[in-house]
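Inspection log for the structure reproduced underneath, given as structure tokens.
The values are calculated or read from the model by the stated rules, or taken from the named source; none is laboratory data. Everything numeric in this text was worked out from a predicted model, so none of it was measured. Here the Cβ positions follow ideal geometry from the backbone for every residue, glycine too, while neighbour counts run over all protein chains shown.
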Amino acid sequence: MRVTFTVNGRRHEADDVWEGESLLYVLRERMGLPGSKNACEQGECGSCTVRLDGESVCACLVAAGQVEGREVVTVEGLADLARQRGETPAEGAADAGLSPVQKAFVDAGAVQCGFCTPGLLVAADELIEHNASPSDADIREALSGNLCRCTGYETILDAVRLAAARTGQPAGAGAPDAGPDAGTSQGGAI
Amino acid sequence: MADATRLPTTITQVSQGTAAKGGIGESTLRPDGTLKVTGEFAYASDLWHEDMLWGCTLRSPYAHAEIRSVDVSEALRIPGVRSVMTHDDLPAATHYGLEIQDQPVLAKDRVRYHGEAVAIVAADHPETARRAAAKIRVDYAELPPVYDEESATREGAPLLHPGRDDHHSGHVAHPNILHRQPIVRGDVAAAKAEADVVVRNDYEVGMQDQAFLGPESGLAVPAEDGGVDLYIATQWLHVDRDQLAPVLGLPAEKVRLTLSGVGGAFGAREDLSMQAHACLLAMATGRPVKIVYNRYESFFGHVHRHPAKLTYEHGATRDGKLLYAKCRIVLDGGAYASSSPAVVGNAASLGIGPYEVDNVEVEALALYTNNPPCGAMRGFGAVQACFAYEAQMDALAEALDMDPVELRQRNAMSQGSVLPTGQEVDAPAPVAEILRRVKERPMPPQRQWESSPSEGAGTGVDVRALPGGLSNTTHGEGVVRGVGYAVGIKNVGFSEGFDDYSTARVRVEVVGGEAVALVHTAMAEVGQGGVTVHAQIARTELGVSRVTIHPADTQVGSAGSTSASRQTYMTGGAVKKACESVREKVLRLGREKFAGGHPAWTEGAELRFEDGKIVTAGGEAVAALADVLEDEAVEDEVVFRHRPTEPFDLETGQGFGHVQYSFAAHRAVVEVDVELGLVKVVELACAQDVGKALNPLATVGQIQGGTTQGLGLAVMEEILVDPDGKVRNPSFTDYLIPTILDTPAIPVDVLELADEHAPYGLRGVGEAPTLSSTPAVVAAIRNATGLALRRVPVRPEHLTGTGTGADA
């Protein structure tokens, strides 16, 4: 079958898609977008988290045919998505163009092997989009579907706090030192 | 490889700002961090070649069976299938292994564990390969399995490997005992007669999985010279190559490996997985072959942590002085040897823990069984022992009515203490101090699940902070707090006389008017941050800002394994040594060029490299590094070794067996829903001596990550194996690892007491926190519940008394 959908703002067409193929396979093997990761392919680890019409989903659990005519954002599209929301991309030689969440993960030391990182970034980005100042409990709840085996999650919490604080700052206000915040709980979606 | 994409590339990092030099001791950021957050970083499963085939493995559904016949004809007829191989198609050596070559590349006549590789397929599409593998007809006749010590060593037990002639076979009492290491010191019988209190218990540790997130994968590309290029996620490129070359029938130089992105390792990538299979299929088809395991296959595709049964006896005086310790540690090595002998060595030599005990009898052994092969996982051998000896310390403290931390401190080893192996601890060993630090930390508030008054009227309950979490099983009723402590000792580096070395090549040259460094090693960056540290070392030693990290490959000498907490010590040490050699060469060049210039060149004064300049000890610049180099590149490749060790005596266990020791202590605070048996770890504080934190951010990251894996073993992680050897839970649905909701705050207290034998005084960091985390959590659960809890992982039924004998 042929599947046509939008990925990171660009229309893509995939031909000869086999009925059992997942969105994850189409992204990784047909569209040259391997950023979404194949850690479990069972919907348990969140490494392949993408936005499907705005909603966070595990790409491994979505059949390719289900995305016909729909919009997908992957880790490769996070910087563009942040720009569309009016967030200021990072400046600097090494990290030019990174979205606030991406930059915060690098700065906070939230990346070790990095295999869980793309999925965590998409999930964290969605959390901050809906909840500008999440509490630690909100962050834990929103990211509870994303496994990380390296970090023990402490630096991931640091990164999300930092990204939320920076996103809430007007452009050029510098990088606040984000701490735990007892802000409003709007219940991050799982 | 013009047609290939997503291959590893060099990574260049410039130190940030002018004040921060990006040298050692700073929390510089990962050079690969940006690539990893944009999704561009090329992991092994991302590798791609225009012309590639996909490989697939057929695995045994039985733990022990005779293979009567294999029929591949139907699989070969499927359109798109390019090759099907069985044992009979292997071109050269048929077995491999890290220490003992006992594992068949593809099973011949007999399978010895559930999931053993029997045949491999290459096809145009991964689904075609999977379907073809399913069409291979294997006629099995099941055999009775060997599954524990009794079934392995009883009269007439089937032998896993009949006719063994490996170097351990001569000193074991039964061919199903892979290796045995006793340690005898002092006079236990005499000490026992003096003991006021004796505590003796049996313990059990379940089979843990490394559960790295990036599955086993790689791409093998046949080369024009008849060799093969393999892009692979591994922990040790050269030892992969040394095992592959005989299997492929190629000289080592025609088997070229390059490290691809590695999605975690934790020991699970020490053994070969798909490496030989992909290379064999590539050579058979003349096409690149990629193999990627899915999670189900990954559980069968790598070794696990040895499950263990341990018996411990401690005797002490009434005032808590340990008089003797005895233990017997039986590790299940599964069907093949892997690194079991080293696991036995660690379990034996570290089996008494970080305590001074003069009279010791230890026996550690590993079995061959039809259970899944076990080998390396973070802290191996020492993790199992630590759970048991720390539980003993608590049991002894209770018997003596003494504070458990005080008992530990009273017997804690320190610099100058002698281990049961007779080896003196000749570097700082702040065991009592790290216990003091975790104990003195303020406690997390009681009833921490109640929301603070500032959040609104009344007292709210946040179920996310309670046992059971979002399952909303309690609002605080039936919840009891407990606190527990533990401390552990781990060796760093390869022990027991192994010739452990690493190699580094460093070049300095002028690019765009600036002196820059290139660091080339074969170190496997598996996430630990070795590449970050290499760039920091080059900056500190050479005074440059810009450092390029060359992809790790076999075009440079071996770096040894990324395991045993050894890489910063060993390859970090090699990079440092190579920089020192390069520095000497640059200074020679400077003396030749500037002999008539600044007097410092000729006086033999000490010259340092800072900020792109060569400066005197007083800080006066004598030349720009770029002016000394001009268009010349100065390079050297050096080998670094740690001090030699020696094997343990096979009867007494005496010997200078280890290079360095690493110590960590934990305090766990837990809340237990005693009615439902659910545990919430509220805080898991750690104190660890790291000698020198080359990168504090990465050091703490290692400690928090290791701590969390220990928490997993304490309360959730276990591969369940039926008595017939079948694995029951090979998925992330059924094998649980800690999520962010399961993981508490992990405050870390880092001590830096230099070890004068090590580069920069550093101490390997990665493993020690995995040891003490598990027993600390279990001690806290015991404290909350009053239960004995002599097995990990602790499951709800162990707390509620509703467990069955079969799994308890």
- line: All-but-one check, residue B:136 against (1) surrounded by fewer than 21 Cβ atoms within 10 Å (Cβ to Cβ); (2) farther than 21 Å from residue B:283 by Cβ, failing number (2)
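Here is a yes/no grid of residues against (1) buried (at least 24 other Cβ atoms within 10 Å of the Cβ); (2) at pLDDT below 95; (3) in contact with an Asp or Glu (Cβ under 7 Å, 6 or more places away or on another chain); (4) away from chain A (no Cβ under 14 Å):
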position: B:275; (1), (2), (3), (4): yes, no, yes, yes
position: B:279; (1), (2), (3), (4): yes, no, no, yes
position: B:284; (1), (2), (3), (4): no, no, no, yes
position: B:287; (1), (2), (3), (4): no, no, yes, yes
position: B:296; (1), (2), (3), (4): no, no, no, no
position: B:317; (1), (2), (3), (4): no, no, yes, yes
position: B:332; (1), (2), (3), (4): yes, no, no, yes
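Each row is one residue, and each column tells you yes or no for (1) touching a Ser or Thr at 6+ places or on another chain (Cβ under 9 Å); (2) part of a loop (DSSP other than H, G, I, E, B); (3) surrounded by fewer than 21 Cβ atoms within 10 Å (Cβ to Cβ); (4) assigned by TED's automatic domain parsing to the domain that holds residue B:283.
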residue: B:79; (1), (2), (3), (4): yes, yes, yes, yes
residue: B:88; (1), (2), (3), (4): no, no, yes, yes
residue: B:93; (1), (2), (3), (4): no, yes, yes, yes
residue: B:108; (1), (2), (3), (4): yes, yes, yes, yes
residue: B:127; (1), (2), (3), (4): no, no, yes, yes
residue: B:131; (1), (2), (3), (4): no, no, yes, yes
- prompt: Does residue B:184 count as in contact (Cβ under 8 Å) with a residue 60 or more places away in the chain, among the hydrophobic types (A, V, I, L, M, F, W, C) and either touching a helix residue (DSSP H, G or I) at 6+ places or on another chain (Cβ under 8 Å) or not in a strand (DSSP E or B) (or both)?
  reply: no
- line: Of those in the stretch B:508-536 that are of a type in the set (A, V, I, L, M) and part of a loop (DSSP other than H, G, I, E, B), the residue nearest to residue B:261 (Cα to Cα) is B:526
message: Can you tell me how many residues within the stretch A:125-167 are touching a helix residue (DSSP H, G or I) at 6+ places or on another chain (Cβ under 8 Å) and either assigned to a loop (DSSP other than H, G, I, E, B) or among the basic types (Lys, Arg) (or both)?
response: 17
- request: Considering only the stretch B:763-804, state which residues are touching a helix residue (DSSP H, G or I) at 6+ places or on another chain (Cβ under 8 Å) and acidic (Asp, Glu).
  value: B:767
task: Report yes if some residue within the stretch B:37-56 is within 12 Å of chain A (Cβ to nearest Cβ), among the small types (Gly, Ala, Ser), part of a loop (DSSP other than H, G, I, E, B) and in contact with a strand residue (DSSP E or B) (Cβ under 8 Å, 6 or more places away or on another chain); otherwise report no.
output: yes
message: Of the conditions (1) crowded, with 19+ Cβ neighbours inside 10 Å; (2) at the interface with chain A (Cβ under 10 Å from one of its Cβ atoms); (3) not hydrophobic (A, V, I, L, M, F, W, C), residue B:26 satisfies every one except a single condition; which number is it?
response: (2)
statement: Of the listed residues (B:195, B:233), the one being over 28 Å from the mean Cα position of the chain (by Cα), among the hydrophobic types (A, V, I, L, M, F, W, C) and buried (at least 17 other Cβ atoms within 10 Å of the Cβ) is B:195
task: Could you list, in sequence order, all residues of the stretch B:49-69 that are among the small types (Gly, Ala, Ser) and within 17 Å of residue B:142 (Cβ to Cβ)?
output: B:60, B:63, B:65, B:69
field: Answer residue from the stretch B:400-431, given it is β-branched (Val, Ile, Thr) and within 25 Å of the chain's Cα centre (by Cα) and is farthest from residue B:359 (Cα to Cα) among those
entry: B:431
query: Within the stretch B:715-756, how many residues turn out to be more than 14 Å from chain A (Cβ to nearest Cβ) and either farther than 22 Å from residue B:703 by Cβ or of a type in the set (Ser, Thr, Tyr) (or both)?
result: 12
- prompt: For the stretch A:1-109, list the strands (runs of 3 or more DSSP E) that sit wholly inside it and hold at least 1 residues that are in contact (Cβ under 8 Å) with a residue 24 or more places away in the chain, within 26 Å of residue B:298 (Cβ to Cβ) and at the interface with chain B (Cβ under 9 Å from one of its Cβ atoms); which are they?
  reply: none
message: Are there strands (runs of 3 or more DSSP E) fully within the stretch B:537-649 with at least 3 residues that are of a type in the set (Val, Ile, Thr)? List them.
response: B:546-549, B:613-616, B:634-641
query: Within the stretch B:527-544, how many residues are over 22 Å from residue A:150 (Cα atoms) and crowded, with 22+ Cβ neighbours inside 10 Å?
result: 7
task: Considering every residue within the stretch B:513-526, establish whether at least one is surrounded by fewer than 19 Cβ atoms within 10 Å (Cβ to Cβ), out of contact with any Phe, Trp or Tyr (no Cβ under 9 Å at 6 or more places or on another chain), free of Cβ contacts under 8 Å to residues at least 60 places away in the same chain and on the phi > 0 side of the Ramachandran plot.
output: no
So residue B:336, is it modelled with pLDDT of 95 or more, aromatic (Phe, Trp, Tyr), crowded, with 24+ Cβ neighbours inside 10 Å and under 21 Å from the mean Cα position of the chain (by Cα): yes
- prompt: From B:363, B:390, B:406, which residue is farther than 30 Å from residue B:300 by Cα, surrounded by fewer than 22 Cβ atoms within 10 Å (Cβ to Cβ) and either among the hydroxyl-bearing types (Ser, Thr, Tyr) or at pLDDT 95 or above (or both)?
  reply: B:406
statement: residue B:187 fails exactly one of (1) more than 24 Å from residue B:307 (Cα to Cα); (2) under 28 Å from the mean Cα position of the chain (by Cα), namely (2)
Checklist (1) of a type outside the set (S, T, N, Q); (2) buried (at least 24 other Cβ atoms within 10 Å of the Cβ); (3) out of contact with any Gly (no Cβ under 7 Å at 6 or more places or on another chain) applied to residue B:683, failing item: (2)
task: State yes or no: is residue A:72 under 28 Å from residue B:215 (Cβ atoms) and at pLDDT 95 or above?
output: yes
field: Qualifying residues in the stretch B:708-748 (those that are in contact with a helix residue (DSSP H, G or I) (Cβ under 6 Å, 6 or more places away or on another chain) and part of a helix (DSSP H, G or I)) - the one farthest from residue B:212 (Cα to Cα)
entry: B:714
